[in-house]
1. Tell me, what is the Rg over Rh of region 2-93, with Rh the Kirkwood radius over Cα pairs?
2. Please sort 49-59, 84-94, 35-45 by packing, taking for each peptide the average over its residues of neighbouring beta carbons within 10 angstrom, highest first.
3. State to the nearest 20 debye the size of the charge dipole of region 2-93 about its Cα centre, where the only charges are +1 on K and R beta carbons and -1 on D and E beta carbons.
Amino acid sequence: MKKILLTAGLLLMAVGLALAQRVVSGTVSGDDGETLVGATVRVKDSRVGALTDANGRYTLDVPAGSNVLTFSYTGYATQEITLEASNVVDVVLVAGQVLSEAVVTALGISREEKSLGYGVTSVKAMKSPARVRSTSFRVLPPSHPACR
């Protein structure tokens, strides 16, 4: 009798946990209409999250009691959406501030470039793409003197 009650109790707990979660899905795209690959979708104030796939789609198990999702992507403004009755949430992110320069340091240290006393790499934005000269190659026959 104890085994039956224990099994029934565990089964009810498992069903309760499964029903307590909500599955939300949708797509994330930029304001230019292109889908965003690898955009982050998180439940606010939790560690639950997902990334968008190659088509900008995501699926997320939202715990009970949580109703705000945070959408973010590099180069776009972060957006928070409050969940309504629908389980499909499609989001369009607006282009945000573009970085003009980034200073790369070790161990996540945040300081001004001038105050760092060790090796620092600075990456600056390009105003125009670098031009590459095209080079043509010529295949020499094995009988050519340079091949000997």
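Computed from the coordinates by the stated procedures, all read-outs in this text should not be read as laboratory data. These numbers come from a predicted model, not from an experiment. Counting neighbours? That spans all protein chains shown, and the Cβs are built from the backbone with ideal geometry, glycine included.
1. 1.15
2. Going by the mean number of other Cβ atoms within 10 Å, highest first, we get 35-45, 49-59, 84-94.
3. Taking the Cα centre of region 2-93 as origin, the dipole is about 780 debye.
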